[in-house]
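What follows is calculated from the coordinates using simple rules that are stated; it is not laboratory data. Predicted model only: the values in this text are computed from it and were never measured. Here Cβ is always computed from backbone atoms with ideal geometry, including for glycine, and neighbour counts include all displayed protein chains.
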Amino acid sequence: MDAASAPLLALSGIALAFTFALLHFYPRHRHDSFALSYPPGPKSPSMPSLDAWVQYQEWGREYDLVYIREHNMLIINDVHAAIDLLDKRARIYSDRASTHSIQLCGADTLIPLQRYSDRWRRNRRLFQQNFRQSASSRFYPAQYMKIHQFLRRMTAVPEEFMQHTMSLSQGLIFASLYGIDFGSEDPLSRKAVELVELVGKAMLQPFPIIEQFPWLRFMPSWFPGFGFQEIANKCVQCIKEVDTIPFDKAVNNLKMGTSTSLIAELALESEGKPAEIEMIKAMGTISFIAGGDTTMSSISSFLLAMTQHPDVQSKARAEIDRVIGRDRLPTFEDRSSLPYVESIYREVMRMHPPVPLGLFHLSTEDDFYRGYHIPKGCTVVANIWAMNRDPNTYPEPDKFIPERFLDSPSGPFMHINSVNAFGFGRRVCAGRHMAENTVWLTIASVLATLDLRKTHDNEGNEVAIPGEFTRHFFRHPMPYRSSITPRDLQAQELISATDAVYSEFK
Ligand code: HEM
């Protein structure tokens, strides 16, 4: 070998070695990097069952994105990541897990629990057409009627304020969709409440034996250990009744010329099309399940916050008196003129999201984000609680400070998409315009007419408010004692006068 060819040979040797290394190590290296590039997270943690959002928030302080490998679960604590994944990559992150228990209970007919499929798209489209912002004024008459009835009940039997809040939230769905004013004591209302519980159970506590051995669903319910069949059958029966009873009544009312309603009109348009009739019925049922407890939670959180913050009440009242005066109740047209009332609404929804972890999304493809691999089939949890308590966006996040919205550069009148409490992406709450209108009008009407304070015991001592909330999937205030009175005689007269306006609904 001559001197000139030696470097060439050395170079070829290096190139060969490099190619060899590339061929042999790159695939392994690539494989390792795949394995290593899952988002970080705690190792084999015990998953919290109470206030899970608080523990998830804690993990979020340690890790950018939190990945629980044992459960293939990604927890998102920051709103930018939620928007990047659930909104901008909605094509991948819009599925839901469907368990055998949900199917056994017949709850897979309900939109929130449906897979991301053509069936879901058809159901969602129907919802969208009837609950979009431009259609939401259709519900105004029922909202005025039920909210004014709520004010009358609050002054007549104030100590039952929690029941009144529940009756308002549930009754509003029936009144808005079916044009029927079912009382909370009506058997149908009770049935619907039972259904909410049963669906909640099917969703949150799947029957373990059925999840493992789905074929066992054919065993009779009297067989030892198969009591879940009874729960499942009850749920199926309950869905059928809540689907059918108010639907039939509403259609009958329309045919008899007694009253009209959204559901009855849709049903008439779809006469002879059984698949569409089933969708219309399911829309009514899920409105009750998804809209009752959530709306109740937001209104209850508002009442609690006002009892704890009389200064906020006074400020809001001053704004209402200045803008509206004292001789009428607030209307939807007043909303854009009441920035402080708007800020209270925003602060309630920020501090007290009724479903702090939203409904879990499921990914349908492998994905990469912030340098991490997010596997297909990953359960994605948007921790709304943590997002709404990000101290960079909301200084002193655990304090109720409506002024934070009033003073922010964008002001309090932000797009509904910025209310994280309603979730994200294509699975965002389908009833959010209706919900927002109900909560806002209740807030404005209560502030205009009622005075909420702490109460006193027989010895004249102030009764403390523990300010406790339920700690499971739905979050709402626990019962407490307070004083609720009309602001003054003028307010009482305004409330009483509403009785005559809606007498035709009784
Ligand atoms: C303050 C009241 C309410 C709150 C805070 C709320 C919140 C939510 C949240 C967090 C989700 C899950 C979103 C996601 O997956 O990212 C959701 C879904 C849903 N909500 Fe609401 N909701 C409220 C009221 C209502 C009302 C009044 C209705 C119906 C009349 C309704 C109907 C639905 C439906 C149908 C879904 C399922 C959407 C889907 O999976 O495609 N909600 N809601």
Task: the chain - percent relative contact order, Cα under 8 Å, separation 6 or more - done: 22 percent
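I want the local charge near Tyr93. Using Cβ-Cβ distances under 15 Å, sum +1 for each Lys or Arg and -1 for each Asp or Glu among the other residues. Please report the intermediate quantities before stating the final value.
Values: positive: Lys88, Arg89, Arg91, Arg96, Arg115, Arg370, Lys376, Arg426, Arg427; negative: Asp84, Asp87, Asp95, Glu365, Asp366, Asp367.
It works out to a net charge of +3.
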Open item on the list: No partner Cβ under 4.7 angstrom, meaning no disulfide-compatible partner by this rule: which Cys of the chain qualify?
Closed with: Cys238, Cys378, Cys429
- [ ] For each of Ile76, Ile210, count neighbouring Cβ atoms within 10 Å of the residue's Cβ, then give the residues from fewest to most.
- [x] Ile210, Ile76
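In which sequence would Tyr178, Tyr63 go, from the one with the fewest C-beta neighbours within 10 Å to the one with the most?
Details: Tyr178 27, Tyr63 14.
Fewest-to-most Cβ neighbours within 10 Å comes out as Tyr63, Tyr178.
Extension gain Lys255-Gln212, at 0.36 nm per residue separation less the Cα-Cα distance, in nm?
That works out to 10.6 nm of additional length.
Quick check on packing: order 82-95, 116-129 by the mean number of other C-beta atoms within 10 Å, highest mean leading. Each step should come with its number before you reach the end.
Numbers: 82-95: 19.1, 116-129: 14.9.
My ranking of the peptides, most packed first, is 82-95, 116-129.
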Task: ³J(HN,Hα) computed for each position of the stretch 79-92 - Karplus, 6.51 cos²θ - 1.76 cosθ + 1.60, integer Hz, glycine/proline x - done: 5, 5, 5, 4, 5, 4, 8, 6, 8, 6, 10, 4, 4, 8
Open item on the list: I'd like the orientation of helix 228-256 relative to the chain: the angle between its Cα long axis and the longest Cα principal axis, in ° from 0 to 90, rounded to 10.
Closed with: 50 degrees
Task: Radius of gyration and maximum dimension Dmax of the chain, Cα, Å - done: 27.3, 113
Task: Highest to lowest packing among 315-322, 419-426, scored as the average C-beta count within 10 Å - done: 419-426, 315-322
TODO: Quick one: which residues, 5+ away or cross-chain, put their amide H under 5 Å from the amide H of Asp367? H built at 1.01 Å from N.
DONE: Ile374, Lys376
Open item on the list: For a bin width of 5 Å, list the pair-distance distribution of the stretch 161-251 built from all Cα-Cα distances, rounded to whole %.
Closed with: 2, 12, 19, 19, 15, 11, 8, 9, 4, 0
- [ ] May I ask you to order 461-473, 182-194 by the average number of other C-beta atoms within 10 Å around their residues, highest value first?
- [x] 182-194, 461-473
Task: Spatial separation of Cα centroids for the stretch 51-73 and the stretch 352-402, in angstrom - done: 10 Å
Task: Relative contact order %, the stretch 295-371, counting alpha carbon pairs below 8 Å whose residues are six or more apart - done: 40 percent
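Give me Thr258, Thr455 ranked fewest to most by other Cβ atoms within 10 Å of their Cβ, as a rough exposure proxy.
Numbers: Thr258 11, Thr455 15.
Going from sparsest to densest Cβ surroundings: Thr258, Thr455.
Report the net charge of residues surrounding Ile320, where surrounding means a beta-carbon distance below 11 angstrom and charges are Lys +1, Arg +1, Asp -1, Glu -1.
Numbers: positive: Lys315, Arg317, Arg322, Arg326, Arg328, Arg487; negative: Glu319, Asp321, Asp334.
Cβ neighbours under 11 Å give a net charge of +3.
Pairs Lys88/Lys399; Lys191/Lys249; Lys315/Lys454: which are spaced more than 26 Å apart, C-alpha to C-alpha?
Working: Lys88/Lys399 31 Å; Lys191/Lys249 16 Å; Lys315/Lys454 18 Å.
Check vs 26 Å cut-off fails for Lys88/Lys399.
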Task: Between helix 118-131 and the chain: long-axis angle, C-alpha atoms, 0 to 90°, nearest 10 - done: 40 degrees
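What 222 nm value per residue comes from the helices of the chain, counting each DSSP H run with n ≥ 4 as -39,500 (n - 2.57) and dividing by all residues, nearest 500 deg cm²/dmol?
Numbers: 18 runs with 262 residues, N = 506.
Taking each H run of at least 4 residues, the total per residue is -17000 deg cm²/dmol.
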TODO: Give the angle, between 0 and 90 degrees and rounded to the nearest 10, that separates the Cα long axis of helix 339-351 from the longest principal axis of the Cα atoms of the chain.
DONE: 50 degrees
